[in-house]
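Student: Encoded as structure tokens, here's the structure I'll be asking about.
Rule-based calculations on the coordinates, nothing more; no lab input. The shown structure was predicted, so the numbers you read here are calculated from the model rather than taken from an experiment. Virtual Cβ from ideal backbone geometry, glycine too; neighbours counted across all protein chains shown.
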Amino acid sequence: MNPIFASLPTTIFETMSGLARQHDAVNLGQGFPDDPGPQDVRAKAADAVLNGWNQYPPMMGLPELREAAARHYAHWQGLDLDPAREVMVTSGATEALAGALMALIAPGEEVVLFQPLYDAYLPLVLRAGGVPRFVSLTPPHWRLDEAALAAAFSPRTRVVLFNNPHNPTGRVFDAQELELLARFCTRSGVILVSDEVWEHVVFDGARHISALSLPGMRERAVKIGSAGKIFGMTGWKVGVVCAAPEIMAALSRAHQFLTFTTPPALQSAVAYGLGKEDGWFDAMRAGLQRSRDRLAQGLAGLGLPTLACSGTYFLNMDLAALGAPIGDAAFCRELVERHGVATIPVSAFYAESPVTSVVRLCFAKQDSTLDEALGRLAAAS
Ligand code: PMP
Ligand code: GLN
């Protein structure tokens, strides 16, 4: 095979959403809500399209959005960001990730990654010339382990690419684990690229701790957020990147040559949305938590236990607890083809030594969608 193709595989989301369409399945695979998103934020975007500026906005993003993001993160995460020098708008978190890797690593430098990993990470690291070093998280607790971290770091480590809250495990890492990671980064002079797209989607009173607020990390962390996740409108590719000015100077150079900018109407609607009152964010979390519990209880009723989930849109079923004879990939294929429910095999998020007993389901759905999926699963069992 063309070696470039080998490093650019077909994503599991394309594969499973394709199978979902083919088999007319309830799609609990790819992570997206099935409601239209907040009406007022969409109305702002529509108004900006009709009555606003639709030519290139500034390369770094609309000042109103950069200022709104700085205020938002001061309020929610206690960060003190200079919107003029430390905040940049990208076309989704994915562009921010690609740009960060393009800007921060030279070919041959090592990047520490955590398995299971969000599926874009490895192709982006490889195409940037980085050498991946993996830290494996294992079910049921998926905890960060000091010995595994120590084994992955080397004098060639340049970047750690971290995700918290974590897709696909649903873990929100605790302060102790985050401080451990920060200690490794500061000790080795490494930059921590922290994908925090799920920062608002945390449950049971959990609080998101940004990498930028960890000891010693203000000058060496890159925080990445996504309006797609904050407002539950995943097609809105609006990312917000925050970093100290020296790192931001490198990131903005990469951004110039990737997308240069992001649709201005969406930017102004996101600026408006970030200023919503606390109650809106609390209600969004509470609604998702209810959906999580509805799906978890429904699955438990069918004898399908799930692992703990304290953030993201995802619940994981542990097939090991079922003594299921087949691996996750075969299980998911059978579920979509024979029973009309699409899910994601978590082994797809490993590059080496995969865990093959965990299946991810998206619960960010209306009750009727979750109930339909549960009904189909009940009929199958
Ligand atoms: N990072 C993680 C961990 C994600 O789960 C996702 C998508 N859900 C992204 C990045 C992509 O974000 P965006 O759509 O803003 O590019
Ligand atoms: N982030 C979404 C998920 O984890 C999917 C993103 C995509 O389809 N590329 O399900």
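Student: Can you tell me the dipole magnitude for the chain around its Cα centre, using point charges on the Cβ only (Lys, Arg +1; Asp, Glu -1), in Debye to the nearest 20?
Tutor: On the way: 31 positive and 38 negative charges, 91 e Å.
For the chain, the charge dipole is close to 440 debye.
Student: Then there's this: How large is ³J(HN,Hα) for each residue in the range 332-337, as worked out from phi by the Karplus curve 6.51 cos²θ - 1.76 cosθ + 1.60 (θ = phi - 60°), to whole Hz, x for Gly and Pro?
Tutor: These are the phi-based 3J(HN,Hα) values: 5, 5, 5, 4, 6, 6 Hz.
Student: On to the next question. Applying the Karplus parametrisation 6.51 cos²θ - 1.76 cosθ + 1.60 with θ = phi - 60° to the phi angles of the range 176-183, what ³J(HN,Hα) value in whole Hz is obtained for each residue in order, glycine and proline being reported as x?
Tutor: 5, 5, 5, 5, 4, 4, 4, 4
Student: Arrange HIS72, HIS141, HIS23 by Cβ neighbour counts within 10 Å, fewest through most, would you?
Tutor: Fewest-to-most ranking of HIS72, HIS141, HIS23: HIS141, HIS23, HIS72.
Student: Then there is this: Expressed in nm², what is the orientationally averaged projection area of the convex hull enclosing the Cα positions of the range 55-277?
Tutor: That works out to 11.3 nm², a quarter of the Cα hull's surface.
Student: What ranking do 147-153, 235-241, 200-206 get when scored by the average of other Cβ atoms within 10 Å per residue, highest first?
Tutor: With the highest mean Cβ count within 10 Å placed first, the list reads 235-241, 200-206, 147-153.
Student: Arrange HIS75, HIS166, HIS339 by Cβ neighbour counts within 10 Å, fewest through most, would you?
Tutor: Fewest to most other Cβ atoms nearby, the residues stand as HIS75, HIS339, HIS166.
Student: Along the Cα-to-C-beta direction of ASP24, a point sits 7 Å from the Cα; which residues of the range 315-352 have their amide N less than 18 Å from that point?
Tutor: Residues 335-342 qualify, since their backbone N sits under 18 Å from the label point.
Student: Determine the shape class of the range 31-85: with a ≥ b ≥ c the square roots of the Cα gyration tensor eigenvalues, call it rounded for a/c under 1.5, and otherwise prolate if a/b is greater than b/c, oblate otherwise.
Tutor: oblate
Student: Determine the percent antiparallel among the DSSP beta bridges restricted to the chain, to the nearest 5.
Tutor: 45 percent
Student: Continuing with the same structure: P(r) tail for the range 216-268, what percent of Cα pairs lie past 14 Å?
Tutor: In whole percent, the long-distance tail amounts to 60.
Student: Can you list the HN-Hα couplings for the range 194-201, worked out from phi with the Karplus curve (6.51, -1.76, 1.60; θ = phi - 60°), rounded to whole Hz and with x for Gly and Pro?
Tutor: 10, 7, 10, 4, 9, 3, 8, 9
Student: For q = 0.12 Å⁻¹, what log10 I(q)/I(0) does the chain give under the Debye formula with an equal point scatterer on each alpha carbon and no solvent?
Tutor: -0.93
Student: Moving on to the next point. So the label point goes 7 Å from the Cα of MET59 along Cα→C-beta, right? Which residues of the range 231-271 then have their backbone N under 12 Å from it?
Tutor: Counting backbone N atoms under 12 Å from the label point, the list is 249-261.
Student: Now a separate question. Hey, got the dipole for the range 1-144? About the Cα centre, +1 on K and R Cβ, -1 on D and E Cβ, debye to the nearest 20?
Tutor: 240 debye
Student: Report, in whole Å, the centroid distance computed from the Cα atoms of the range 271-292 and the range 203-270.
Tutor: After rounding, the separation between the Cα centres reads 19 Å.
Student: Taking the number of other C-beta atoms within 10 Å as the exposure measure, put TYR118, TYR350 in order starting with the fewest.
Tutor: Numbers: TYR118 20, TYR350 16.
Starting with the residue having the fewest Cβ neighbours, the order is TYR350, TYR118.
Student: Could I ask something else about it? How long is the gain from ASP204 to ALA320 if the chain were fully straight, where each residue apart is worth 0.36 nm and the alpha carbon distance is subtracted? Intermediate values should be presented prior to the final figure.
Tutor: Numbers: separation 116, 0.36 × 116 = 41.76 nm, distance 2.59 nm.
Taking ASP204 through ALA320 to full extension adds about 39.2 nm, to one decimal.
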